[in-house]
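In what follows, a single structure is set out as C-alpha cells and then discussed.
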Amino acid sequence: MKFLLSTLIVHAPHPITGEVTSTSRRFAQVVEKALLAEELGFDGFGVGERHERPFISSSPTVVLSHLAALTRTIRLFTTVTTLSLLDPVRAYEDYATLDHLSGGRLELIIGKGNGSAQRELFDVTPEDQWDRNAESYEVFRTIWRQDKVTVDTRFRPPLRDAEVWPRPLQQPVRVWHGSATSQASVDLAARYGDPLFSANVTHAIEPYAELIRYYRERWAHYGHDPARLAVGSGTAGYHARPNSQDAVKAWEPAYAGYLAMQNRLGTAPVFPTLEDYVERSSALIGSPQQVIEKVHRYHEAFGHSVVNILADPLGVPDDEQRASLELFQSQIAPVLRRDLPDPPWPWAPALAPEAPALASEAPALAPEAPVLAPEKPTEQELVP
C-alpha cells in the first residue's frame, strides 16, 4: 500500500482562537509539510485546486513546481485538477512543463470540482459540468499522447493538426479520476482503463463503496484486465497517539471546525458527535492499532491500494501533528505496507524514450532553493 499527504490549502480562521495566518505564511506551511512528507517517507504529496473561499489553491501547478525544486523522490499529485473549469490545451502545457521540472514525478487526479462560486467564475453550469470534464480530459489525454492533434470540441475551438509544446517527459502520465458522488466520473475512469480515487470524506462508507462497485462493473464492461484495476481512497482526517483517548481529545478543535462548517452551510452534520465521527467517518483517529484496523475495514469494502491523508488538521498544533505523522510512518505504515497490496504498476515514472531512464538522472533542480520565510502573520483576512 502507498500513502499520500495532501492539502487543499484551506485559508480559514483557527476553529478555536479565530486567528488567521497570512497568505504568505499559509503557503510556507504547505512547503514545510511537503518537505516533511518526503523526509518521513510518504510516497506522494498532493495539492488540490479550488477557485473559491476558503481555499487559496487556485494555482496548483505553480505550487507543485516550487515543490519539485525542493524535493527529490516524492511523487507530486494534483488532488484534484478541475478539468471541467480549464482549457485542456492550457492545462496540458502547464502539466507537461511541470512533468519535466519534477523529473517525471507528476501524477494527476482529475475531477469536475465543486462549488457554485467557481462554476460562476468560469461560466460553467451544473448541466454542462460533466460534459466539460469528459471533453477536457479526452482532449488533454490525446495531446499528451500525440504530437499532432485533430479533434472536434463543444466547449473550446476545435483543433486541426495542432502541435502543443513542450512534449511531456512521462509517456503517458498516470491520471486518476477523483470520485465523490457521481457515476459519471466513475464511468469515465473505467472507459479509459484509468485508476479511480474515491474522495471518501463527507459520508460514511456505504455510498463510496457503492461507487467503487460500479467502477469495477464498468471496468469489466469495457473489457479491461481485472489485474490492472486500482483504487485510491481519501480520509476525513488523521491523528494518532499511543493512547487513543489522547488522539480523540486532540481532534476536538478539528471536529469543532467541522460542526461550524456544517452550520455555515445550513446542513445537519452527518456525524453529530465526535464519538460518531471517530467511529463512522473515514477519519483515522486513535491508537496505531485502531488506525490499522480501520484501514483494513475500508480495504475490505474498497480493495484500495493507496490512501490519502489530509495534511492540515485545523486546530492540532504543528509539533503534535509531526509526532502523529512520525508515528504513522514508524508503527502504522509498515504494517499496512506488509498486509495490503500496492497498485499493480511500478511507482516510478514511465519516461518517454528520449528521456533519462530514471528520474534521479534528470538535472538537479536547485537543492539550495530557500523555503518560504515563516514570517509572522500580517494579514487578517477573515474567511468564512
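List of remarks:
- Label separation (E127 vs T181): 1.9 nm, computed from points 7 Å beyond Cα along the C-beta direction.
- Beta bridges per DSSP, both residues in the chain: antiparallel share near 10 percent.
- Quarter of the Cα convex hull surface for segment 216-308, i.e. its orientation-mean projected area (nm²): 7.5
- R50 long-range amide H proximity, modeled H, under 5 Å: S57, S58
- Charge-dipole axis of the chain as Lys and Arg at +1 and Asp and Glu at -1 on Cβ define it, positive-most pick from V306, H224, F77: H224
- Gain in span if fully extended, I16 to Q146, counting 0.36 nm per residue against the direct Cα distance: 41.6 nm
- Principal axis dimensions, largest first and in whole angstrom, of segment 51-96 by Cα: 31, 28, 14
- Summarising the strand pairing of segment 59-206, around 15 percent of its internal DSSP beta bridges are antiparallel.
- Point-charge dipole on Cβ atoms (K/R +1, D/E -1) for the chain, about Cα centre, debye to 20: 400
- Residues of type lysines that K2 reaches as a straight line, Cα spacing below 22 Å, ignoring anything fewer than 8 places off in the same chain: K33, K294
- Residue-by-residue Karplus 3J(HN,Hα) for segment 21-26, coefficients 6.51, -1.76, 1.60, Hz, glycine and proline x: 6, 6, 4, 4, 5, 5
- Shape of the chain, Cα gyration tensor, a/c cut at 1.5: rounded
- Here the Gaussian network model covers the chain, with springs between Cα atoms less than 10 Å apart; of T273, T78, T17, T17 fluctuates the most.
- Residue with peak Gaussian network fluctuation, the chain [Cα springs, cutoff 10 Å], from N308, N200, N263: N263
- Per-residue 3J(HN,Hα) values for segment 270-276, derived from phi via the Karplus relation 6.51 cos²θ - 1.76 cosθ + 1.60 with θ = phi - 60°, read 5, 10, x, 10, 4, 4, 5 Hz in sequence order (x marks Gly and Pro).
- Positive dipole terminus of the chain, leading residue within P341, T61, V31 (C-beta point charges): P341
- Separation between Cα centres of segment 24-73 and segment 171-234, rounded to whole Å: 25
- Each helix, a run of at least 4 DSSP H residues, gives -39500 (n - 2.57); summed and divided by the residues of the chain, these come to -12500 deg cm²/dmol at 222 nm.
- Among S58, S24, S102, residue whose mean-square fluctuation peaks in a GNM of the chain (springs only between Cα atoms under 10 Å): S24
- Sites matching trypsin sites (Lys or Arg not before Pro) across segment 98-198 that sit in DSSP coil, with at most 14 neighbouring C-beta atoms within 10 Å: K148, R154
- Exposure rule at most 11 other beta-carbon atoms within 10 Å, DSSP loop GluC sites (Glu not before Pro): the chain longest free segment: 164-353
- Note that segment 324-337 has calculated 3J(HN,Hα) couplings of 5, 5, 5, 5, 4, 6, 8, 10, 9, 4, x, 5, 5, 4 Hz, one per residue in order, obtained from phi through the Karplus relation 6.51 cos²θ - 1.76 cosθ + 1.60 (θ = phi - 60°); glycine and proline are x.
- Taking only alpha carbon atoms, segment 140-244 gives an Rg to Rh ratio of 1.10, where Rh is the Kirkwood radius.
- Set against the 2.2 N^0.38 Å expectation for a compact globular protein, segment 34-146 has a Cα radius of gyration ratio of 1.09.
Taken together, the values in this text are just the output of simple stated rules run on the coordinates, not laboratory data. These figures come from a predicted structure and were not determined experimentally. Cβ atoms come from the backbone with ideal geometry, glycine included; neighbour counts cover every protein chain shown.
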